[in-house]
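*Asks:* Could you have a look at this structure, given as structure tokens, before my questions?
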Amino acid sequence: MILIRQIKRWELQPIVVMATIIGFILCGTISAFKAYQSAELIRMLPNTSVWGLVQLQEEHRRFINTLKLYQYKGVSKQQLLFRYNILWSRFPILLKGNDAADLNSISGGKALVRDMFAEIQRIEPMLDGLPQTTIDLPKVLHWLESFSAPVNVLVNREFHRKQDLRAQLKQQLRAQQRILNASLLGLALSFLLLLAVFYRQTNRFVWLKNHDSLTGLANREALEQLLQQRLDEQMRVDLFGMVFPSLAAVMGKLTMSQSRQLTEQIALELKRLQSDDILTIARLGENQFVVVSNSLVSVQEMIERLQQIQTSFTIAGHLYQLPLQIAIVTGQDQCYQSNQLLAYLAQAFLQSQQRNERVHYFRRDKAREQLRWQQLADDFPQALQARKLELLYQPVMRFNRDIPEALQLRLRWVHPELGRVEHQSIIALAEHTDLRERLSLWFFEQTIEQHCQWLQRYDQRLLLLLPFPQCWLDDAVIGQLNMQLLKSKLAMSQLLVAVHDTGKVMVAHSHHQLKMLRQQGFQIVIDDVLEYAMNWQKLLWSRFDFIKLTAPLCADLTHPQHQYQLEALAQFISHLKRQIIFEGVSNRDQLQLIKAVMPQAFVCGAVFAPYMNVAQTEKYLQEQST
């Protein structure tokens, strides 16, 4: 059991790594040695010298037959000499060529071939003098045939000897091959084990980067990433900070192993809170933890859950009671940066400690926020003039297409001191500083020019979902938009005018402007109409094309317990004969639920791609087009 625990905790990793490396080297050495032995056995296999003797035997027989035919005028002198030359050429190859060393290994072989060659050379002058020279052909044939029997015996003996040697060598080669295969298998297994150790160690470092090593809970870095993703998608979250004020004092009385045991028990108690409504549970410090909720569960219900956590723990036979304080930062206190949200939580911890409250709601510093707003308002004109604002794009997809159907965009300004300022705040700053028309003119110039470039390079059907605040629905701003479209020669049907802040009271003039825009050829997108219960009779009268559900409403409708609401919405949208856009879809479960209920819907969110700057969007479109 101790060994199993050590392996699970990876405490035996150095031993495993060392044993694997030794096994890898040993198997590699054995494999190399056996491969060398196999090569040597292959080199020792019977050579081709016996085949040289067979060829000599064959040519010798053919020359004798040709000489007999010449005796009876069956062949000419040239044919006889041709056959003689072929026979003669075999001897230098056997005696002095590549086969000479192999011939020496055959007992009596070299002497027989040398005598036979001498006899052949002796009859060469006789053959050259034909037909003038008379020779005793029967006698010559007798000389030649006297070598046939010894050659036949030599060849047969050598064949049998080498056949036995080949069988022995093949048996040894098979044995060596089995050992080689086993060592190669061990080498492969050792290599795979090394890869597994490397992969495990790499993943361990990645896991430790985003998790607390003692509790296994998410750490601050992972928490910031999650919060920033939710804030980028404009999705509300509630933070429930938990602090055990007396934990540090208790830890000081315990040994290191006992302190670790207490920390693990607290983490186990917190992990029991996990549910679909809780996004993550993280550890911020020695005695500080935080539970992040998706705001679909009420704050009061979450407080009741947290108060049911066991706060008494038994360590080494002693009972320790740890009082719990809860600090709450709700979605009403949202900002645009995760570090700012965690700063709110730190202030909530401090306020809870100062007031000694078991449950404390964060109270924002209004004076500080007013100072921040004033500084932003002072710096905004210069930022607009210096073009410090940034365009961010996100693809809008459909289930039946692999490439984006449209691109929705928004503004962002990164203040050098105050951090990120998001789209809604930029619009408010432009209104506050009377720079609305300057902002809208710059915005239309940049977005339309960039979109025309992408239409030429990639998909000519790509639409642009243009955010259009309700405060821009006047003749001056709409005139700027029409002027830019005329200059760029971009069709009005390529734009989806996404009117937001429609949850506020929409006056008759705004309805009239939207109706005029649609008559000109624009496609109109209404934002948050379901969440704020706009008058549906006016919606039908205005003939809007799209309804966009923002991230909070999308998260609510795609909750597994609210599927009936999504199905009712699908029927209602079908009755209206309108298109619907789901914004802020962050996971595959939401995506599959929407696809099952509304397969023709438009979808955007982090499940496909986050908001990207112009360069990142360019790369994304290039990858999608290929």
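*Asks:* Any residue in region 600-619 that's closer than 27 Å to residue 577 by Cβ: show its pairings with residues that are in a loop (DSSP other than H, G, I, E, B) and among the acidic types (Asp, Glu) at Cβ separation under 7 Å, as long as the two are six or more apart or on different chains.
*Replies:* Note: pairs meeting the criteria are 602/405; 604/583; 605/233; 605/583.
*Asks:* State all residues of region 376-417 that are aliphatic (A, V, I, L, M) and without any contact (Cβ under 8 Å) to a residue 60 or more places away in the chain; if no residue qualifies, say none. If you could, list the steps in order and put the result at the bottom.
*Replies:* Step one: of region 376-417, the residues aliphatic (A, V, I, L, M) are 376-377, 383-384, 386, 389, 391-392, 396-397, 403, 406-407, 409, 411, 414.
Result: 376, 377, 383, 384, 386, 389, 409, 411, 414.
*Asks:* Given the condition open to solvent by 50 Å² or more (accessible area, probe 1.4 Å) and under 30 Å from residue 446 (Cα atoms), answer yes or no: does some residue in region 353-369 qualify?
*Replies:* no
*Asks:* Let me ask something else. If residue 259 satisfies all but one of (1) surrounded by fewer than 19 Cβ atoms within 10 Å (Cβ to Cβ); (2) touching a residue at least 60 places away in the same chain (Cβ under 8 Å); (3) touching a helix residue (DSSP H, G or I) at 6+ places or on another chain (Cβ under 6 Å), what's the number of the condition it fails?
*Replies:* (2)
*Asks:* Here's another thing I want to ask about it. Show the residue pairs that are 6+ apart or on different chains and have beta-carbon atoms under 6 Å apart, the first residue being within region 318-343 and within 15 Å of residue 292 (Cα to Cα) and at pLDDT 85 or above, the second being open to solvent by 40 Å² or more (accessible area, probe 1.4 Å) and part of a strand (DSSP E or B).
*Replies:* 326/359; 328/361
*Asks:* OK, next. In this structure, does residue 568 turn out to be surrounded by fewer than 19 Cβ atoms within 10 Å (Cβ to Cβ), of a type in the set (Gly, Ala, Ser) and not in a helix (DSSP H, G or I)? Spell out the reasoning first.
*Replies:* Numbers: surrounded by fewer than 19 Cβ atoms within 10 Å (Cβ to Cβ): yes; of a type in the set (Gly, Ala, Ser): yes; not in a helix (DSSP H, G or I): no.
So residue 568 does not fit the description; no.
*Asks:* Consider region 424-478. How many of its residues are assigned to a loop (DSSP other than H, G, I, E, B) and open to solvent by 40 Å² or more (accessible area, probe 1.4 Å)? Please lay out each step first, then the result.
*Replies:* In the first step, residues of region 424-478 are kept if they are assigned to a loop (DSSP other than H, G, I, E, B); the result is 433-435, 458-462, 473-474.
In the following step, the residues that additionally are open to solvent by 40 Å² or more (accessible area, probe 1.4 Å) were identified as 434, 458, 460-461.
Residues that pass the stated criteria total 4.
*Asks:* Something else: Where residues in region 591-607 are open to solvent by less than 70 Å² (accessible area, probe 1.4 Å) and touching a strand residue (DSSP E or B) at 6+ places or on another chain (Cβ under 8 Å), which of them is nearest to residue 226 (Cα to Cα)?
*Replies:* Only one residue tops the list, namely 605.
*Asks:* Being among the polar types (S, T, N, Q), open to solvent by 10 Å² or more (accessible area, probe 1.4 Å) and modelled with pLDDT under 80, is that true of even one residue in region 297-316? First the steps, then the outcome.
*Replies:* Going through region 297-316, the residues among the polar types (S, T, N, Q) turn out to be 298, 300, 307-308, 310-312, 314.
From the residues that got through so far, the ones that are open to solvent by 10 Å² or more (accessible area, probe 1.4 Å) too are 298, 300, 307-308, 310-312, 314.
If we keep only those that are modelled with pLDDT under 80 too, we end up with 298.
Yes, there is a match, as at least one residue in region 297-316 is among the polar types (S, T, N, Q), open to solvent by 10 Å² or more (accessible area, probe 1.4 Å) and modelled with pLDDT under 80.
*Asks:* If you go through region 386-393 one residue at a time, do you hit one that is within 23 Å of residue 438 (Cβ to Cβ), open to solvent by 100 Å² or more (accessible area, probe 1.4 Å) and in a loop (DSSP other than H, G, I, E, B)?
*Replies:* The answer is yes; a qualifying residue exists.
*Asks:* Just give me the residues in region 204-231 being within 23 Å of the chain's Cα centre (by Cα), modelled with pLDDT under 80 and surrounded by 19 or more Cβ atoms within 10 Å (Cβ to Cβ), in sequence order.
*Replies:* 230
*Asks:* Can you find even one residue in region 497-520 that is polar (S, T, N, Q), modelled with pLDDT of 85 or more and open to solvent by 60 Å² or more (accessible area, probe 1.4 Å)?
*Replies:* Looking through region 497-520, none of the residues is polar (S, T, N, Q), modelled with pLDDT of 85 or more and open to solvent by 60 Å² or more (accessible area, probe 1.4 Å).
The values are calculated or read from the model by the stated rules, or taken from the named source; none is laboratory data. A quick note: this is a predicted structure, and the numbers were derived from the prediction, not measured. All Cβ positions, glycine included, derive from the backbone under ideal geometry; neighbour counts span all protein chains shown. The protein model used for the area step is the full one, side chains on, heavy atoms only, and it has no ligands, DNA or RNA in it. Shrake-Rupley method; radii C 1.70, N 1.55, O 1.52, S 1.80 Å.
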